[in-house]
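Working notes for the structure below.
The values are calculated or read from the model by the stated rules, or taken from the named source; none is laboratory data. These figures come from a predicted structure and were not determined experimentally. All Cβ positions, glycine included, derive from the backbone under ideal geometry; neighbour counts span all protein chains shown.
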Amino acid sequence: MAQSSISPPLQFCVAVIGVGLVGSEFVSQLWSFPAPSPFRIVLLATSRNLIFQPDGIPKTSSSQLKAEVSALGLPFDAPFITRELSGLVKPGQKVVIVDNTSSDDIASLYPTWLKLGIEVITPNKKAYSGSLNLYEDILKASSETGARFLNESTVGAGLPVISTLKDLVATGDKVTKIEGVFSGTMSYIFNQFSTGSTEGPSFSSVVKVAREKGYTEPNPADDLNGTDVARKLTILSRLIPSLRQQLPAGFSSVDTASLVPEGLANAASGDVFVQDLPKYDEEFDKLRQDAAKDGSVLRFVGVIDVEKNLIKAGLERYPVTHPFATSLGGSDNIIMFHSERYSPRPLIIQGAGAGAAVTAMGVMSDLLKLAY
Ligand SMILES: NC(=O)C1=CN([C@@H]2O[C@H](COP(=O)(O)OP(=O)(O)OC[C@H]3O[C@@H](n4cnc5c(N)ncnc54)[C@H](OP(=O)(O)O)[C@@H]3O)[C@@H](O)[C@H]2O)C=CC1
Ligand SMILES: N[C@@H](CC=O)C(=O)O
Ligand code: NA
């Protein structure tokens, strides 16, 4: 990793909450940052335990992190985290909490932390796609203390989607429409499942592989029911001034077409969901066949139409010659920004939109934005 030749004057105490797929990869990228690094990890936490060492937790193997935190850690204690970390905020030293969970409870603490001058970085979509009240509390707390919150990996994982939209808006461009494939999981599933042929792998087998590759949410139902895309559309909408107040309840107000079969709507866990999905393979096979007979493929897309005030997510058919059919592979996202300046041809961002390495890279790049 390249390092700026000018050393920042500040030191950064980094607290990492969540050391699962993304969290452990983030820690590994942070520990690989070339010396002299301004960053030291002072806290590692899982949902049950935490290790706190204000002088810095020594580097260890990132694949052992979860086990080490469980074996050596104190019980998880949110007030302890808030108290101890706020004590580390001082001139010349910043404190950053990196939330690598998908927890609503952790997300609800961002305003408290920002009010104490603690910066927050996260790939967790919950705070920015939930109620408008929480979102506005975050903005208010950040403006009161100057502590920043960055969330590039919440949309398109490491792809520069949020920073691009912020730049378009801040430089006075008028965004008219954003459309694309926003889910790495859905992209992988339909790139494999629906190629224009009436035959192919079963739907459930492709979902299983997407999960094994680390693309899905902790519970894949959150991808298949469209919630994950609805959350991303909410996050982007709130960065467009005219849509800021549009979704007071957040993602649940987005017009979303779920792909979760009714019988699995209440599956107790991700494991149960994946185990029972083969029962519904025939239904998905029929969708594939109907699309193929029409010369089309299936793709799960999201649209924010600013002029029509329309925000929606769902499964659509595209001709086999359409870029969504020909140019996407793996977990690729493709996001098209139409604006006054980018017209009639949109600004397009494409690349892997899920997976631990690219998601952690987006989190790491946010951390670097604070320092350099
Ligand atoms: N995977 C991907 O491609 C992408 C993921 N993201 C987001 O990244 C985040 C992490 O995803 P991923 O790494 O796959 O998830 P994992 O389930 O692998 O890891 C989550 C981690 O968070 C911990 N955790 C959960 N709840 C709490 C809590 N209340 N307090 C403290 N720790 C908690 C878990 O602890 P424990 O080990 O005890 O369960 C675990 O260590 C999610 O918000 C996801 O939406 C964003 C973009 C892409
Ligand atoms: N489950 C999500 C992960 C990234 O946000 C996806 O598949 O896109
Ligand atoms: Na991104």
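A few remarks follow.
- From the options Ala371, Ala313, Ala356, Ala265, residue that is aliphatic (A, V, I, L, M), in contact with a Leu (Cβ under 8 Å, 6 or more places away or on another chain) and modelled with pLDDT under 95: Ala371
- Helices (runs of 4 or more DSSP H) fully within the stretch 1-108 that include at least 3 residues being at pLDDT below 95 and more than 18 Å from Ala371 (Cβ to Cβ): 65-72.
- Pair list, Cβ under 9 Å, 6 or more apart: the stretch 299-312 residue free of Cβ contacts under 8 Å to residues at least 40 places away in the same chain, other residue among the charged types (D, E, K, R) and buried (at least 17 other Cβ atoms within 10 Å of the Cβ): Lys308/Lys177
- If you go through the stretch 203-231 and pick out every residue that is among the basic types (Lys, Arg) and either assigned to a loop (DSSP other than H, G, I, E, B) or under 18 Å from Thr154 (Cβ atoms) (or both), you end up with 2.
- Annotation: of all residues in the stretch 156-202 being assigned to a helix (DSSP H, G or I), within 16 Å of ligand 3 (Cβ to nearest atom) and small (Gly, Ala, Ser), the one that is nearest to the chain's Cα centre (by Cα) is Gly184.
- Looking only at the stretch 299-331, residues that are assigned to a strand (DSSP E or B) and out of contact with any strand residue (DSSP E or B) (no Cβ under 6 Å at 6 or more places or on another chain) come to 2 in all.
Here's the yes/no breakdown for (1) out of contact with any strand residue (DSSP E or B) (no Cβ under 9 Å at 6 or more places or on another chain); (2) away from ligand 1 (no atom under 16 Å from the Cβ):
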residue	(1), (2)
Ser143	yes, yes
Thr154	yes, no
Leu165	no, yes
Gly180	no, no
Ile189	no, no
Glu199	yes, yes
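- Residue in the stretch 286-294 that is loosely packed, with under 13 Cβ neighbours inside 10 Å, within 18 Å of Gly226 (Cα to Cα) and at pLDDT 95 or above present: no
- Annotation: Glu152 fulfils all but one of (1) over 16 Å from the mean Cα position of the chain (by Cα); (2) within 16 Å of ligand 2 (Cβ to nearest atom); the unmet one is (1).
- Among (1) touching a helix residue (DSSP H, G or I) at 6+ places or on another chain (Cβ under 8 Å); (2) assigned to a helix (DSSP H, G or I) - the single one Ser258 does not satisfy: (2)
- Pairs are defined by a Cβ separation below 6 Å, a sequence spacing of at least 6 or placement on different chains, a first member in the stretch 140-155 that is free of Cβ contacts under 8 Å to residues at least 60 places away in the same chain and more than 16 Å from ligand 3 (Cβ to nearest atom), and a second member that is among the aliphatic types (A, V, I, L, M) and part of a helix (DSSP H, G or I); the pairs so defined are Ala141/Leu114; Ser142/Leu114; Ala147/Leu114.
- Filtered by the rule that a residue be more than 12 Å from ligand 3 (Cβ to nearest atom), surrounded by 21 or more Cβ atoms within 10 Å (Cβ to Cβ) and not in a loop (DSSP other than H, G, I, E, B), the stretch 342-355 gives no residues.
- Unique residue being buried (at least 18 other Cβ atoms within 10 Å of the Cβ), under 21 Å from Lys177 (Cβ atoms) and polar (S, T, N, Q) when the list is Ser253, Ser327, Ser339: Ser339
Let's see how each residue does on (1) surrounded by 20 or more Cβ atoms within 10 Å (Cβ to Cβ); (2) at pLDDT below 95; (3) closer than 22 Å to Pro278 by Cα; (4) among the aromatic types (Phe, Trp, Tyr):
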| residue | (1), (2), (3), (4) |
| --- | --- |
| Phe182 | yes, no, no, yes |
| Thr195 | no, no, yes, no |
| Thr198 | no, no, yes, no |
| Ser205 | no, no, yes, no |
| Pro218 | no, yes, yes, no |
| Ala221 | yes, yes, yes, no |
| Gly226 | yes, no, yes, no |
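- The residue of the stretch 117-155 that is farthest from Gly250 (Cα to Cα), among those that are assigned to a helix (DSSP H, G or I) and charged (D, E, K, R), is Glu144.
- Inter-residue pairs, beta-carbon under 6 Å, first at negative phi and in the stretch 270-287, second in a helix (DSSP H, G or I) and of a type in the set (Lys, Arg), 6+ apart: Val274/Lys208
- Condition met for Ile235 (among the aliphatic types (A, V, I, L, M) and in contact with a helix residue (DSSP H, G or I) (Cβ under 6 Å, 6 or more places away or on another chain)): yes
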